[in-house]
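Structure first, commentary second.
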Amino acid sequence: MTTMPERTAEQDLPYDVFSRACPSRGTLEHVTGRWGALTLGALFEGSFRFNELRRRVDGVSEKMLSQTLHALERDGLVHREAQPTNPPRVDYELTPLGREVAERLVGLIQFVEGRMDDILGARARYDETRGGR
């Protein structure tokens, strides 16, 4: 098991995601939850209208995407731009802070995608030793 490196004096922050009451924990959940991570990853590609984003994030329901976008907008990671047209047009894009977060997530996504052969092999070995799933 690996441990996180100790923080230096410069890195000491008033927030600690490992503390139950820390507000950073909620934001981490918004960012790393399935729909949050996929939404941020998709928006890293550019601005999307709601239904375009829903198609890009395959499998997300309209309700869940709406909740995810609201949470990410509240955290300052996503900007919602409503155009006063008929019908109304709403575009979503990353804020500068959201872009920083998404850049890190996209790196993780690319790493996982690039190592899927190893992961699938590990799953197969695990399942073999435990009688399958």
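Here, each number is a calculation from the coordinates, and none is a lab measurement. In this text, all values refer to a predicted model and were calculated from it rather than measured experimentally. Neighbour counts are summed over all protein chains in view; Cβ atoms, including those assigned to glycine, are modelled from backbone coordinates with ideal geometry.
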Rounding to the nearest 10 and keeping the result within 0 to 90°, find how far the Cα-based axis of helix 116-129 lies from the longest principal axis of the chain. 50 degrees
Multiply the residue separation of ARG34 and LEU120 by 0.36 nm, subtract the distance between their alpha-carbon atoms, and state the gained length in nm to one decimal. 29.0 nm
extent check for the chain: Cα max minus min per principal axis, descending, whole Å, gives 59, 45, 25
Packing rank of 65-73, 121-129, where each peptide gets the mean count of other beta carbons within 10 Å, highest leading: 65-73, 121-129
In degrees, nearest ten, helix 23-32 long axis to first principal axis of the chain (Cα): 90 degrees
Per its Cα gyration tensor (rounded if a/c is under 1.5, else prolate when a/b beats b/c, else oblate), region 11-54 is best filed as prolate
Average Cα contact separation per residue, the chain, under 8 Å, 6 or more apart, as relative contact order %: 20 percent
Rounded to the nearest 500, what is the chain's calculated 222 nm mean residue ellipticity when only DSSP H runs of at least 4 contribute -39500 (n - 2.57) each, over all residues? -17000 deg cm²/dmol
To the nearest 10 degrees, how steep is helix 96-114 against the longest Cα principal axis of the chain, on a 0 to 90 scale? 40 degrees
